[in-house]
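Student: Can you keep this structure in mind? I'll have questions shortly.
FYI, it's all coordinate maths here, none of it is from the lab. Model, not experiment: these values are computed from the prediction. Counting neighbours? That spans all protein chains shown, and the Cβs are built from the backbone with ideal geometry, glycine included.
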Amino acid sequence: MSDEAATPAGPPLRLRPTMLSDLDFVISVENDQRNLPFITPWDRTQHEGAVRIPDFRHFIVEAGVDGSRDGFVILQGCRNPHRSVELKRVVLQSKGRGLGRQCVRMLKRMAFRDLRAHRFWLDVKSLNTRALALYASEGFVEEGRLRESVRISTDLAEGYDSLVVMSLLDREFQARQALGLELDP
Ligand SMILES: CC(C)(COP(=O)(O)OP(=O)(O)OC[C@H]1O[C@@H](n2cnc3c(N)ncnc32)[C@H](O)[C@@H]1OP(=O)(O)O)[C@@H](O)C(=O)NCCC(=O)NCCS
């Protein structure tokens, strides 16, 4: 499965299935200091599992004139009997250029149209104001907070952050579609 969206200025952003030969790239993006504070990186075995196990969808995000790799996304729960699909991870190297919004819209279409999800959900660290703003503006509703559930460690401080659980239901997605809010940005 792959999906494509036209960017407002430039070539399409494309999701294509991750190959085992992409995993060095995936791990390097995950461990980039600009991304690490916002995610809990996986080891190679976990990524290999997500590439191979049908309950996951692991994609490389390609963008730019030459279609080069910009990041990756992971969906989990693709075979969930409750039709509850999780946006497990999205990490992009180009920030603030609108690629995140395009990706999230593409993933919503994949979740609701292709995977027939009833609920599309995620969790995000409360310190991740950029991702929180993106998800809220894309219709995700806060369900609650898992208080102080992740450890954070910087040069300056040690402590805990809370995870914000957010979701979008199929009927909410359809209402957004009817309002024209789900077109390619
Ligand atoms: C989070 C991430 C996927 C967002 O992608 P992006 O391409 O940077 O985001 P976009 O350019 O599409 O911006 C989307 C919205 O985020 C918000 N935003 C962007 N930069 C922001 C910032 N510095 N602070 C607060 N909000 C910000 C804005 O609402 C923006 O929409 P607008 O410009 O139309 O108003 C990307 O920055 C990333 O990979 N970050 C590191 C890993 C990560 O945090 N992953 C998510 C874990 S849950």
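Student: Only one of these conditions is not met by Arg101: (1) more than 15 Å from Leu15 (Cβ to Cβ); (2) out of contact with any strand residue (DSSP E or B) (no Cβ under 9 Å at 6 or more places or on another chain); (3) within 12 Å of the ligand (Cβ to nearest atom). Which number is it?
Tutor: Only one criterion in (1) more than 15 Å from Leu15 (Cβ to Cβ); (2) out of contact with any strand residue (DSSP E or B) (no Cβ under 9 Å at 6 or more places or on another chain); (3) within 12 Å of the ligand (Cβ to nearest atom) is unmet by Arg101, namely (1).
Student: Further, regarding this structure: Within the stretch 73-95, how many residues are of a type in the set (Lys, Arg) and away from the ligand (no atom under 13 Å from the Cβ)?
Tutor: The total comes to 2.
Student: When residues of the stretch 128-163 are filtered for being within 15 Å of the ligand (Cβ to nearest atom) and closer than 14 Å to Thr40 by Cα, how many remain?
Tutor: Matching residues across the stretch 128-163 total 7.
Student: Just for the stretch 135-145: of the residues that are of a type outside the set (A, V, I, L, M, F, W, C) and in a strand (DSSP E or B), which one is surrounded by the fewest Cβ atoms within 10 Å (Cβ to Cβ)?
Tutor: Applying the first criterion (of a type outside the set (A, V, I, L, M, F, W, C)) to the stretch 135-145 yields 135, 137-139, 142-145.
Still in the running and in a strand (DSSP E or B): 142-145.
Numbers: Glu142: 13, Glu143: 12, Gly144: 10, Arg145: 13.
My answer is Gly144.
Student: Scan the stretch 126-156 for residues that are small (Gly, Ala, Ser) and more than 18 Å from Asn35 (Cα to Cα) and jot them down.
Tutor: Correct list: Ala136, Ser137, Gly139, Gly144, Ser149.
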